[in-house]
Amino acid sequence: VLAGAGRRDLTGRHVLVSAGGTREPLDPVRFLGNRSSGRQGYALARAALARGAEVTLVAANSSLADPAGVKVVHVETTAELRAGVVEAAAGADAVVMAAAPADFRPVDVSSAKLKKREDGTAAPVALVQNPDILREVAHERARPGQVVVGFAAETGDADGSVLDHARAKLARKGCDLLVVNDVSGGAVFGSEDNQAVILGADGAAVDVPLGPKSALAHAIWDQVTLRMRD
Ligand code: CTP
Ligand code: CA
(Lines give C-alpha, C1' and ligand atoms only; values in the text may rest on other atoms or scores of the structure.)
(Ligands and ions follow the chains in the order given, each with its own letter.)
Protein backbone atom coordinates (compact mmCIF):
# COMPACT_ATOMS: atom_id res chain seq x y z
CA VAL A 1 0.00 0.00 0.00
CA LEU A 2 2.90 2.34 0.69
CA ALA A 3 4.39 1.88 -2.77
CA GLY A 4 4.66 5.64 -3.30
CA ALA A 5 6.09 6.61 0.08
CA GLY A 6 9.66 7.78 -0.43
CA ARG A 7 9.15 8.21 -4.17
CA ARG A 8 9.16 11.49 -6.07
CA ASP A 9 6.51 10.32 -8.52
CA LEU A 10 4.51 13.57 -8.33
CA THR A 11 7.42 15.76 -9.45
CA GLY A 12 6.23 18.32 -12.00
CA ARG A 13 2.57 17.72 -11.07
CA HIS A 14 0.23 20.26 -9.55
CA VAL A 15 -2.33 18.79 -7.20
CA LEU A 16 -5.28 20.33 -5.38
CA VAL A 17 -6.61 19.02 -2.08
CA SER A 18 -9.60 20.33 -0.15
CA ALA A 19 -9.88 19.74 3.59
CA GLY A 20 -11.97 20.51 6.65
CA GLY A 21 -15.64 21.24 7.14
CA THR A 22 -17.45 24.28 5.83
CA ARG A 23 -19.54 26.54 8.04
CA GLU A 24 -22.72 28.29 6.98
CA PRO A 25 -23.50 31.43 8.97
CA LEU A 26 -26.90 31.87 10.57
CA ASP A 27 -26.15 35.17 12.27
CA PRO A 28 -22.90 36.99 13.26
CA VAL A 29 -22.12 34.45 16.01
CA ARG A 30 -23.68 31.15 14.84
CA PHE A 31 -23.19 28.69 12.02
CA LEU A 32 -24.24 25.27 10.71
CA GLY A 33 -21.22 23.03 10.47
CA ASN A 34 -19.85 19.53 10.85
CA ARG A 35 -17.15 17.70 12.78
CA SER A 36 -14.55 17.27 10.02
CA SER A 37 -11.08 17.95 11.50
CA GLY A 38 -9.27 18.35 8.19
CA ARG A 39 -6.66 15.75 9.20
CA GLN A 40 -7.07 13.46 6.19
CA GLY A 41 -6.87 16.38 3.74
CA TYR A 42 -3.78 17.83 5.44
CA ALA A 43 -2.17 14.36 5.38
CA LEU A 44 -2.89 14.18 1.64
CA ALA A 45 -1.29 17.59 1.09
CA ARG A 46 1.84 16.63 3.04
CA ALA A 47 2.14 13.26 1.26
CA ALA A 48 1.84 14.90 -2.17
CA LEU A 49 4.50 17.47 -1.22
CA ALA A 50 6.82 14.67 -0.08
CA ARG A 51 6.31 12.98 -3.47
CA GLY A 52 7.40 16.13 -5.30
CA ALA A 53 4.10 17.80 -6.20
CA GLU A 54 3.26 21.47 -6.18
CA VAL A 55 0.33 21.48 -3.75
CA THR A 56 -2.63 23.81 -3.24
CA LEU A 57 -4.72 23.11 -0.14
CA VAL A 58 -8.14 24.74 0.11
CA ALA A 59 -8.81 24.50 3.83
CA ALA A 60 -12.15 25.05 5.55
CA ASN A 61 -12.02 25.92 9.24
CA SER A 62 -9.30 23.47 10.25
CA SER A 63 -7.33 24.18 13.42
CA LEU A 64 -4.26 22.47 11.93
CA ALA A 65 -1.17 24.52 11.05
CA ASP A 66 -0.47 25.36 7.39
CA PRO A 67 2.01 22.73 6.13
CA ALA A 68 5.28 24.42 5.06
CA GLY A 69 5.74 24.42 1.30
CA VAL A 70 2.00 24.07 0.56
CA LYS A 71 -0.07 26.94 -0.83
CA VAL A 72 -2.99 27.16 1.60
CA VAL A 73 -6.23 28.98 0.75
CA HIS A 74 -8.44 29.44 3.82
CA VAL A 75 -12.21 29.42 3.34
CA GLU A 76 -15.29 29.29 5.56
CA THR A 77 -18.44 28.50 3.56
CA THR A 78 -19.25 25.99 0.82
CA ALA A 79 -19.56 28.88 -1.66
CA GLU A 80 -16.02 30.03 -0.76
CA LEU A 81 -14.74 26.44 -0.94
CA ARG A 82 -16.28 26.11 -4.39
CA ALA A 83 -14.64 29.35 -5.59
CA GLY A 84 -11.23 28.29 -4.25
CA VAL A 85 -11.46 24.80 -5.70
CA VAL A 86 -12.73 25.89 -9.12
CA GLU A 87 -9.96 28.48 -9.42
CA ALA A 88 -7.13 26.10 -8.46
CA ALA A 89 -8.59 23.18 -10.45
CA ALA A 90 -7.80 25.07 -13.66
CA GLY A 91 -4.11 24.25 -13.23
CA ALA A 92 -4.35 20.92 -11.40
CA ASP A 93 -3.39 17.44 -12.63
CA ALA A 94 -5.38 15.96 -9.76
CA VAL A 95 -8.17 17.20 -7.49
CA VAL A 96 -8.87 15.41 -4.21
CA MET A 97 -12.03 16.51 -2.39
CA ALA A 98 -11.35 15.48 1.19
CA ALA A 99 -13.37 18.40 2.56
CA ALA A 100 -16.80 17.94 4.12
CA PRO A 101 -18.91 20.73 2.62
CA ALA A 102 -22.11 21.56 4.50
CA ASP A 103 -24.90 20.19 2.32
CA PHE A 104 -27.30 22.99 3.29
CA ARG A 105 -27.11 26.66 4.21
CA PRO A 106 -29.66 28.97 5.82
CA VAL A 107 -31.72 30.86 3.22
CA ASP A 108 -31.34 34.05 5.24
CA VAL A 109 -28.30 35.18 7.19
CA SER A 110 -29.32 37.61 9.90
CA SER A 111 -27.06 40.66 10.17
CA ALA A 112 -28.09 40.98 13.83
CA LYS A 113 -27.73 38.29 16.47
CA LEU A 114 -30.92 36.22 16.79
CA LYS A 115 -32.45 36.83 20.22
CA LYS A 116 -34.39 34.45 22.43
CA ARG A 117 -38.14 34.99 22.73
CA GLU A 118 -40.09 35.66 25.89
CA ASP A 119 -42.60 32.86 25.07
CA GLY A 120 -39.86 30.19 24.74
CA THR A 121 -40.55 29.42 21.07
CA ALA A 122 -37.95 29.48 18.29
CA ALA A 123 -38.25 30.54 14.66
CA PRO A 124 -37.75 27.73 12.12
CA VAL A 125 -34.62 27.92 9.97
CA ALA A 126 -35.23 27.55 6.24
CA LEU A 127 -32.39 25.80 4.40
CA VAL A 128 -31.31 25.62 0.78
CA GLN A 129 -29.01 22.97 -0.74
CA ASN A 130 -25.42 23.93 -1.54
CA PRO A 131 -23.81 23.28 -4.95
CA ASP A 132 -22.04 19.94 -5.41
CA ILE A 133 -18.40 20.92 -5.97
CA LEU A 134 -17.04 17.42 -6.69
CA ARG A 135 -19.71 16.75 -9.29
CA GLU A 136 -18.99 20.08 -10.98
CA VAL A 137 -15.20 19.58 -11.02
CA ALA A 138 -15.54 15.98 -12.27
CA HIS A 139 -17.90 16.97 -15.07
CA GLU A 140 -15.93 20.09 -16.12
CA ARG A 141 -12.42 18.50 -16.16
CA ALA A 142 -10.63 21.85 -16.31
CA ARG A 143 -7.52 20.06 -17.59
CA PRO A 144 -7.41 17.06 -19.96
CA GLY A 145 -6.51 13.87 -18.09
CA GLN A 146 -7.14 15.47 -14.71
CA VAL A 147 -7.75 12.80 -12.04
CA VAL A 148 -10.67 13.60 -9.71
CA VAL A 149 -11.08 11.93 -6.32
CA GLY A 150 -13.99 12.06 -3.87
CA PHE A 151 -14.57 10.79 -0.34
CA ALA A 152 -17.66 9.16 1.12
CA ALA A 153 -18.64 7.97 4.57
CA GLU A 154 -21.37 5.37 4.12
CA THR A 155 -23.46 2.89 6.08
CA GLY A 156 -25.25 -0.18 4.80
CA ASP A 157 -29.06 -0.11 5.00
CA ALA A 158 -32.19 -1.73 3.53
CA ASP A 159 -31.37 -0.19 0.13
CA GLY A 160 -27.90 -1.72 -0.12
CA SER A 161 -24.47 -2.37 1.34
CA VAL A 162 -21.77 0.24 1.96
CA LEU A 163 -20.18 -0.69 -1.38
CA ASP A 164 -23.53 -0.55 -3.23
CA HIS A 165 -24.09 3.01 -2.00
CA ALA A 166 -20.48 3.93 -2.74
CA ARG A 167 -20.59 2.58 -6.32
CA ALA A 168 -23.79 4.56 -6.93
CA LYS A 169 -22.19 7.72 -5.51
CA LEU A 170 -19.06 7.25 -7.64
CA ALA A 171 -21.21 7.05 -10.77
CA ARG A 172 -23.39 10.00 -9.71
CA LYS A 173 -20.39 12.23 -8.99
CA GLY A 174 -18.53 11.24 -12.16
CA CYS A 175 -15.16 11.10 -10.39
CA ASP A 176 -12.33 8.62 -11.12
CA LEU A 177 -11.81 7.41 -7.55
CA LEU A 178 -13.96 7.36 -4.43
CA VAL A 179 -12.39 6.80 -1.01
CA VAL A 180 -15.02 5.02 1.07
CA ASN A 181 -15.18 4.86 4.86
CA ASP A 182 -17.56 2.36 6.41
CA VAL A 183 -19.13 4.28 9.31
CA SER A 184 -21.68 1.59 10.22
CA GLY A 185 -19.99 1.28 13.62
CA GLY A 186 -20.37 5.03 14.21
CA ALA A 187 -18.38 7.80 12.55
CA VAL A 188 -15.05 8.61 14.17
CA PHE A 189 -14.10 12.27 13.87
CA GLY A 190 -10.75 13.82 14.66
CA SER A 191 -9.07 10.41 14.83
CA GLU A 192 -5.40 9.94 13.86
CA ASP A 193 -6.24 6.71 12.02
CA ASN A 194 -8.42 5.83 9.07
CA GLN A 195 -9.54 2.78 7.12
CA ALA A 196 -11.00 2.78 3.61
CA VAL A 197 -11.72 1.10 0.33
CA ILE A 198 -10.55 3.07 -2.72
CA LEU A 199 -13.02 2.44 -5.55
CA GLY A 200 -12.18 3.21 -9.16
CA ALA A 201 -14.61 4.12 -11.94
CA ASP A 202 -12.63 1.45 -13.81
CA GLY A 203 -13.92 -1.19 -11.36
CA ALA A 204 -10.87 -1.24 -9.07
CA ALA A 205 -11.33 -1.78 -5.32
CA VAL A 206 -8.27 -1.34 -3.10
CA ASP A 207 -8.60 -2.17 0.60
CA VAL A 208 -6.58 0.05 2.92
CA PRO A 209 -6.48 -1.40 6.46
CA LEU A 210 -6.84 0.76 9.58
CA GLY A 211 -3.68 2.82 9.95
CA PRO A 212 -2.36 6.37 10.11
CA LYS A 213 -3.98 8.94 7.82
CA SER A 214 -0.58 9.41 6.16
CA ALA A 215 -0.68 5.76 5.01
CA LEU A 216 -4.15 6.19 3.50
CA ALA A 217 -2.92 9.43 1.89
CA HIS A 218 -0.04 7.59 0.19
CA ALA A 219 -2.35 4.75 -0.90
CA ILE A 220 -4.62 7.37 -2.52
CA TRP A 221 -1.70 9.03 -4.35
CA ASP A 222 -0.59 5.54 -5.51
CA GLN A 223 -3.99 5.12 -7.19
CA VAL A 224 -3.96 8.68 -8.57
CA THR A 225 -0.49 8.36 -10.12
CA LEU A 226 -1.53 5.08 -11.80
CA ARG A 227 -4.29 7.01 -13.57
CA MET A 228 -2.33 10.14 -14.52
CA ARG A 229 -1.35 10.75 -18.12
CA ASP A 230 2.24 11.56 -19.16
N1 CTP B 1 -18.96 17.18 -1.92
C2 CTP B 1 -18.83 18.33 -2.66
N3 CTP B 1 -19.78 19.31 -2.58
C4 CTP B 1 -20.85 19.15 -1.77
C5 CTP B 1 -21.00 17.97 -1.01
C6 CTP B 1 -20.04 16.99 -1.12
O7 CTP B 1 -17.86 18.47 -3.40
N8 CTP B 1 -21.74 20.12 -1.70
C9 CTP B 1 -17.92 16.13 -2.05
C10 CTP B 1 -17.20 15.79 -0.75
O11 CTP B 1 -16.04 16.60 -0.59
C12 CTP B 1 -16.84 14.33 -0.96
C13 CTP B 1 -17.94 13.81 -1.87
O14 CTP B 1 -18.55 14.96 -2.47
O15 CTP B 1 -15.62 14.19 -1.65
C16 CTP B 1 -19.00 13.00 -1.23
O17 CTP B 1 -19.56 13.72 -0.17
P18 CTP B 1 -20.92 13.20 0.46
O19 CTP B 1 -21.32 14.09 1.57
O20 CTP B 1 -20.76 11.74 0.74
O21 CTP B 1 -21.87 13.34 -0.82
P22 CTP B 1 -23.27 14.00 -0.99
O23 CTP B 1 -23.48 14.14 -2.45
O24 CTP B 1 -23.39 15.24 -0.17
O25 CTP B 1 -24.27 12.88 -0.49
P26 CTP B 1 -24.98 12.63 0.94
O27 CTP B 1 -26.41 12.96 0.72
O28 CTP B 1 -24.74 11.14 1.16
O29 CTP B 1 -24.32 13.49 1.98
CA1 CA C 1 -22.99 15.42 2.10
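The values are calculated or read from the model by the stated rules, or taken from the named source; none is laboratory data. Keep in mind the model is a prediction, meaning the values are calculated, not measured. Every residue, glycine among them, receives a Cβ derived from its backbone with ideal geometry; neighbour counts consider all protein chains shown. In case anyone asks, the SASA skips ligands and DNA or RNA and just uses the protein heavy atoms, side chains included. Shrake-Rupley method; radii C 1.70, N 1.55, O 1.52, S 1.80 Å.
Could you compute Rg(Cα) / (2.2 N^0.38 Å) for the range 66-175, with N its residue count?
For the range 66-175, the normalised Cα radius of gyration comes out at 1.40.
Around S161, what is the net charge, scoring Lys/Arg as +1 and Asp/Glu as -1 over all other residues with Cβ under 11 Å from its Cβ?
Charge balance near S161 sits at -4.
P(r) of the chain in 5 Å steps, Cα pairs, percent per bin?
1, 7, 14, 18, 20, 16, 10, 6, 4, 2, 1, 1, 0, 0
Amide H neighbours of V148 under 5 Å, at least 5 residues apart or on other chains, H built in the peptide plane: list them.
V95, D176, L177
Work the Kirkwood hydrodynamic radius out for the range 19-99: mean of 1/r over every pair of different alpha-carbon atoms, inverted, in Å.
13.0 Å
Can you list the aspartates and glutamates whose alpha carbon sits under 19 Å from that of K71, skipping same-chain ones fewer than 8 residues off?
Partners within reach: E54, E80, E87, D93.
Calculate how many DSSP beta bridges within the chain are antiparallel, expressed in % of all such bridges and rounded to the nearest 5.
Bridges in the chain that DSSP calls antiparallel: roughly 40 percent.
Write down the accessible area per residue of the range 140-230 in Å², having rolled a 1.4 Å probe over the full set of protein chains. It would help to have the intermediate numbers written out before the result.
Numbers: 4450 Å² over 91 residues.
With all protein chains present, the range 140-230 gives 49 Å² per residue.
Run through the range 1-86 and list the trypsin sites (Lys or Arg not before Pro) located in a DSSP loop whose Cβ has at most 12 other Cβ atoms within 10 Å.
Loop-located and lightly packed - R8, R35.
Against the longest principal axis of the chain, how steep is helix 162-173, in degrees 0 to 90 to the nearest 10, with axes from Cα atoms?
Long axis of 162-173 versus the principal axis of the chain: about 90 degrees.
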